[in-house]
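No value in this document is a laboratory result; all are computed from the given coordinates. What you are looking at is a predicted structure, and each value in this text was computed from that prediction instead of being measured. All Cβ positions, even for glycine, are placed from backbone atoms using ideal geometry, and neighbour counts span all protein chains on display.
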Amino acid sequence: TIDVSGSMRATDMEPDRMEAAKAAARAFVAKQRRGVRIGVVTFSSHAAVVQEPTADHEKVLAAIERIRTQRGTAIGSAILASLDAALGRSGDSSLFSDIGQRDLTGSLEIEDPVEPGSHPYGVIVLLSDGQSNQGPDLLEVVDRTAGLGGRIFTIGMGTPGGAVIGVE
């Protein structure tokens, strides 16, 4: 799950945060054994599955190369889209099916929560340089992710000194 917000163009990492994130994603794919299913989700003001989970790592690498920056940072939406992809949900069974981009409703109520981290395919690697400023409440999404057995590993992009970027 890769942040594609405009701030990822900052040049405090070489050559910029976006390219550093893509390099990290490529390295992650390269270290996975054959047969491991990997998907790609990008997020800015909304989240999108740009590559459904697949064991074809060449497709995953091609999806990473196509990533371009956009505006906004909706981390909660990114996590929900990532879970949808990891759990094979879509349409009416999607975690997005009954929620707006800004508010969660009871659609994610978990009747029988499971042990956090117990879902073997519910792993999200989140690469981002910022905090969520749009979409569903991040803490609620994270709590519900844990209740579904999912795990989120976060990689922060940027340097301690940060960077200033210009707006077009």
Revision key, fill the gap. Heads up, segment 12-69 by the C-alpha gyration tensor (a ≥ b ≥ c square roots of eigenvalues; a/c under 1.5 rounded, else a/b over b/c prolate, else oblate) looks oblate
Point to revise | Separation in nanometres of the label points that stand 7 Å from Cα toward Cβ, at Gln131 and Ala24 | key: 1.9
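Computed over the Cα atoms of segment 115-168, what is the convex hull's projected area averaged over all directions, in nm²? Intermediate values should be presented prior to the final figure.
Numbers: hull surface 20.8 nm².
Averaged projected area of segment 115-168's Cα convex hull equals 5.2 nm².
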Study note, to complete from the structure: The answer for Ile124, listing residues at least 5 apart or on another chain whose modeled amide H is closer than 5 Å to its amide H, is Arg151, Ile152, Phe153
**Study point:** Peptides 74-85, 147-158, 15-26 ordered by average Cβ neighbours within 10 Å, highest first
**Key:** 74-85, 15-26, 147-158
Revision key, fill the gap. In nm, the gap between the two label points placed 7 Å beyond Cα toward Cβ at Thr154 and Arg66 is 2.9
Revision key, fill the gap. Non-local residues with an amide H under 5 Å from the amide H of Gly39, with H modelled 1.01 Å from N and Pro and chain starts lacking one, are Thr54
